[in-house]
Each structure stands twice: as C-alpha cells, then as structure tokens.
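Below is one structure, written out as structure tokens, with a few remarks after it.
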C-alpha cells in the first residue's frame, strides 16, 4: 500500500526553522500498531494522520513512541496540507480528536490560526530533584494536570538551560515547559522538554501555549501576545486569549512531498 506523506516546517516562515511535522492523509484508519510504526520510522516529534469524516476530518498524533492527546504544530501542518494541496477552496477546517474535542483552523492572511483549549495552571511545589536535572532553579512552579510550567526571571536563564534528559526521563517528565519574559516585540519565550515521551526538546510546541497564553495574559495584562520558542530551530507564534480558548497563529513551509509504502 502506498500512502502520501508530507513534511511541513511549522511556526516559521523559512525552511529548516520551526518544528517539522510529518502528515499522512488516509482514506480509512490503519491499525494503531501501523500508525505508531510509521511515526517511529519518521522519527519526528510528531506524525499526524487524518481521515475524512463528513465535512470534517478525524485527526490523531503520534510521537516516535506514543500517541498524544494534543499537538499544535502537527494540527497546523495538517491544515496547511488540506488548505494548500487537498481542498484549496476551504476557509475553515474542523478536526475531530479523541481527547481534545473539535479543533478548528482558519486562514489568517499568510498564516493559519488554530482554536485550542485554554489551560489554567495552578502554583505547585517545586519538586526537590528538578533543579539539578533541569540545570537551573525556577522562580515559580505551576502545573496543569501532568504539564509542568517552570518560570524563570529572564530569557537568558531559559536559553542557558542544559538539562540532564536521562534524569528528567527517570523522574517521568513528559511535558515540562520553561518560560520567561521576552523583550522588544516578544512578550514571552519558552522551551519544551518531553523526554518521557521520547522527545528531549521539542523545537516549537503549540500545545504548550495552551498553558503559556493564559499565564502570560494574566501576568502581563494583555490578551494578544507574541511568543518565541527559543530552541535551536526556533519558532514564532501569535497567541490570543479568547475566554476559555486560545487562538494560536503561525506560518508553515512545505519541505517534502512524497509517498511511503506499508
């Protein structure tokens, strides 16, 4: 069986920036073990699969090791493939997901905008072993379910972190966001570590901004924010707090178009 595959760089306006996602459109679902094997073979942070479902699409995301409940950059990449290559007359796409509900994406000039949930984090105790494994002691620690948010004083401290990923993996961190205020036109910066999910550092993480947007909107007193994820590849997002939702907008660049045989 031959299947189309695309690779898209997301939250960037240049090739080899942002976060690469593999997108595999399907006519019907393959066995979960096959989906996971394809994602492992691609060896990217996420591979997304979607299947037509009426006027919408059912959407799932896989890292090389596990299926995840929400992925921003692979959602934006999926919408990009549909808008640009499959159904260019659309103005809005709805994705139905297993755990994140219905997610919509619209065209916004030369960017795409996703309607995602807003996740309010709560202060929590700083785990005793975390600073040594992370390579720095955050000023504040917050948590939304199993997603941890470590807040530092400035972007220099975030950029300088050199985590011990083996130790973070041992401690069970699958969703660890580190953040600090930005400067100039950038309201805040972040990095994202997910060693327990098979991803040491994710280049740009849309779902992390479901936590970051309400935190910084409250702290800075503004509903629209410009964000920068300061990984090696780097990426930019425009984030808007809209009640219990966040609107995350970014650009995409097509890198690869081909076929796989399974």
Pair list, Cβ under 8 Å, 6 or more apart: segment 157-174 residue assigned by TED's automatic domain parsing to the domain that holds residue 132 and free of Cβ contacts under 8 Å to residues at least 60 places away in the same chain, other residue surrounded by fewer than 18 Cβ atoms within 10 Å (Cβ to Cβ) and in a helix (DSSP H, G or I): 164/132; 167/132
Condition met for residue 50 (surrounded by 15 or more Cβ atoms within 10 Å (Cβ to Cβ) and over 15 Å from the mean Cα position of the chain (by Cα)): yes
Complete set of residues in segment 1-41 that are over 13 Å from residue 51 (Cβ atoms), part of a loop (DSSP other than H, G, I, E, B) and in contact with a strand residue (DSSP E or B) (Cβ under 8 Å, 6 or more places away or on another chain): 1, 11, 12, 13, 14, 15, 16, 17, 18
Counted residues, segment 18-28 - those being more than 15 Å from residue 256 (Cβ to Cβ) and either in contact (Cβ under 8 Å) with a residue 24 or more places away in the chain or assigned by TED's automatic domain parsing to the domain that holds residue 195 (or both): 2
Residues that are surrounded by fewer than 13 Cβ atoms within 10 Å (Cβ to Cβ) and either in contact with a helix residue (DSSP H, G or I) (Cβ under 8 Å, 6 or more places away or on another chain) or within 21 Å of residue 100 (Cβ to Cβ) (or both), drawn from segment 30-47: 32
Total residues in segment 65-105, condition farther than 21 Å from residue 211 by Cβ, surrounded by fewer than 19 Cβ atoms within 10 Å (Cβ to Cβ) and in contact with a helix residue (DSSP H, G or I) (Cβ under 7 Å, 6 or more places away or on another chain): 2
One residue from 65, 47, 75 being in contact (Cβ under 8 Å) with a residue 24 or more places away in the chain and out of contact with any strand residue (DSSP E or B) (no Cβ under 8 Å at 6 or more places or on another chain): 65
Count of residues meeting criterion [under 21 Å from residue 243 (Cβ atoms) and surrounded by 15 or more Cβ atoms within 10 Å (Cβ to Cβ)] in segment 118-136: 3
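The values are calculated or read from the model by the stated rules, or taken from the named source; none is laboratory data. Predicted model, so just to flag it, every value in this text is computed and none were measured. Cβ sites come from the backbone with ideal geometry, for glycine too, and all protein chains shown count toward neighbours.
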